[in-house]
Amino acid sequence: GSGRSLLSTMVLENFKFILVIIAPIATAAVFMNDKAVEWLVMSRQYVSYPAEGQRPPRTREEAEVAKADLDRRRAAAARLHGEEAASSKPGRRGGVREEE
């Protein structure tokens, strides 16, 4: 013997059998409801995605336009940083050295 009475063994086995039958049915019933699934997912946001960035170009023309735009922005930034560097150095005005 296991030390359990026949009645308690039967109750336990019947409970396990009912659980095995009812659990999948109850789970399917809950997850067939879209609002329940949405609530569950939103309440358990264990994955957070970063904001979506700019999509890569899909055609050669789009790639060429994107490259030209990037080159323009880089050139503008280089001019801006060059002007800032020239104006921030003492003894220089507009990139031309003053006579002392």
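Placing pseudo-labels 7 Å out from each Cα toward the beta carbon at Met32 and Arg72 gives an inter-label distance of 5.7 nm. Each residue of region 24-41 was assigned a 3J(HN,Hα) from its phi angle through the Karplus curve 6.51 cos²θ - 1.76 cosθ + 1.60 (θ = phi - 60°); the sequence is x, 5, 5, 5, 4, 5, 5, 7, 7, 8, 4, 5, 5, 5, 4, 4, 4, 5 Hz, with glycine and proline shown as x.
The trypsin sites (Lys or Arg not before Pro) of region 11-89 that DSSP puts in a loop, and whose beta carbon has at most 10 other beta carbons within 10 Å, are Arg44, Arg58. Here is the list for region 18-67: chymotrypsin sites (Phe, Trp or Tyr not before Pro) lying in DSSP coil, each with at most 13 other C-beta atoms within 10 angstrom of its C-beta, are Tyr46.
Each reported figure results from applying straightforward, stated rules to the coordinates on display, with no laboratory input. In this text, all values refer to a predicted model and were calculated from it rather than measured experimentally. Ideal geometry is used to build each Cβ from the backbone, glycine not excepted, and the neighbour counts take in all protein chains shown.
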